[in-house]
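**Student:** My structure is below; once you've seen it, I'll send some questions.
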Amino acid sequence: MTDKPPTTTYRCAVIGNPIAHSRSPDIHAAFAQARGINLQYDRILAEAENFAAIVAQFFADGGRGLNITLPYKETAYRLCEQTSADARLAEAVNTLWQENGKLCGDNTDGRGLRHALEHEHAYPLAGKHILILGAGGAARGVIAPLCAARPASLHIANRTAAKAAAIIAAQQPHTTVPLTAGSLEDLAAAPAYDLIINATSTGLTDQPLALPANLAHCNSRAYDMQYGKSTPFLAWAAAQQITAHDGYSMLVAQARLSFQQWFPL
Ligand code: ATR
């Protein structure tokens, strides 16, 4: 009789600050269970000054993969020795792994958002007029994959209009989708959009986000990249009586893409 070989336990984790609220461990536990993979997936709280050392130690100890969340996605990108095209366009990563001793990074947020919209919510993006609110890391991370779905146009509106313009200038050379930028105030005179995505941090910080009613037509969709709480943006969408989704579907979809990177079929 031969002994059964011991089952390998793989280690993955999500790093951020704050991190206690993260739902990633539960999501990855479900993926691992479905594949029969023995996975230990931890939450790691990091301070800016020890972030790089924690990442290095994790992989030196044989860790399989890391998810990176706020506020370290840009820092993690700068640590990478190899990056995907989506990571380079976002200048941020949410997924790390090691290959031939090199730290590699991808950004699955935008592909996750596209998948959530098109497959979880059955909302094809081709031909749609899209409005993105916000021009921080969250917005920058999703623009290229959204453009890959061939919307009719994409407009970025931000409190600081210059930041939206800078994103457009960087992204337009990589897509044929017409990209425009402006301020939140300009939205009072804007047309209605098919899809309105909230990528501001107002939900996180419980700050108001005043939006005019003219942004919505009766078939508009609203998507808040924030998940797990009612936000002023979702309240606005409810007031317009349009279908709205919070960011949980994106969270699951971006996590699935990370998991597939660490554990290819
Ligand atoms: P993240 O990485 O989550 O995108 P960020 O880079 O700090 O975080 O960006 C936050 C975004 O929310 C920015 O677009 C910010 O607008 P500014 O560029 O003008 O700062 C936007 N934001 C934050 N607070 C806001 C508020 N009270 N009203 C409108 N937009 C706000």
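**Student:** Sort out for me the strands (runs of 3 or more DSSP E) sitting completely within region 117-225 that have 3 or more residues that are within 15 Å of the chain's Cα centre (by Cα) and more than 15 Å from the ligand (Cβ to nearest atom). First the steps, then the outcome.
**Tutor:** Working: elements: 129-133, 153-158, 179-183, 193-198, 216-224.
Result: empty, no element qualifies.
**Student:** On the given criteria, is GLY112 within 20 Å of LEU179 (Cα to Cα), not hydroxyl-bearing (Ser, Thr, Tyr) and not in a strand (DSSP E or B)? Walk me through it before giving the result.
**Tutor:** Values: within 20 Å of LEU179 (Cα to Cα): no; not hydroxyl-bearing (Ser, Thr, Tyr): yes; not in a strand (DSSP E or B): yes.
In short, no.
**Student:** Could you please let me know if THR7 is away from the ligand (no atom under 16 Å from the Cβ), surrounded by fewer than 19 Cβ atoms within 10 Å (Cβ to Cβ) and β-branched (Val, Ile, Thr)? Spell out how you get there, then give the answer.
**Tutor:** Working: away from the ligand (no atom under 16 Å from the Cβ): yes; surrounded by fewer than 19 Cβ atoms within 10 Å (Cβ to Cβ): yes; β-branched (Val, Ile, Thr): yes.
Here the answer is yes, as THR7 does meet what is asked.
**Student:** All but one of (1) without any contact (Cβ under 8 Å) to a residue 60 or more places away in the chain; (2) under 19 Å from ALA237 (Cβ atoms) hold for ALA139; state the number of the condition that does not hold.
**Tutor:** Failing condition for ALA139: (1).
**Student:** Here's a follow-up. Taking the options GLY182, GLY228, name whichever one is farther than 30 Å from SER24 by Cα and surrounded by fewer than 20 Cβ atoms within 10 Å (Cβ to Cβ). First the steps, then the outcome.
**Tutor:** Numbers: GLY228 fails: farther than 30 Å from SER24 by Cα.
Selected residue: GLY182, the only one of GLY182, GLY228 that is farther than 30 Å from SER24 by Cα and surrounded by fewer than 20 Cβ atoms within 10 Å (Cβ to Cβ).
**Student:** Residues in region 176-199: is at least one in contact with a Pro (Cβ under 8 Å, 6 or more places away or on another chain) and either modelled with pLDDT under 95 or closer than 23 Å to TYR72 by Cα (or both)?
**Tutor:** No: zero hits.
**Student:** Still on this structure, I have one more. Outside any loop (DSSP other than H, G, I, E, B), hydrophobic (A, V, I, L, M, F, W, C) and within 16 Å of the ligand (Cβ to nearest atom), is that true of ALA255? Full working, then the answer.
**Tutor:** Working: outside any loop (DSSP other than H, G, I, E, B): yes; hydrophobic (A, V, I, L, M, F, W, C): yes; within 16 Å of the ligand (Cβ to nearest atom): no.
The answer is no for ALA255.
**Student:** Here's a follow-up. Among the numbered criteria (1) more than 16 Å from the ligand (Cβ to nearest atom); (2) touching a residue at least 12 places away in the same chain (Cβ under 8 Å), which one does LYS73 miss?
**Tutor:** So LYS73 meets the others, but not (1).
The values are calculated or read from the model by the stated rules, or taken from the named source; none is laboratory data. Since the model is a prediction, treat every value here as computed from it, not as a measurement. Cβ sites come from the backbone with ideal geometry, for glycine too, and all protein chains shown count toward neighbours.
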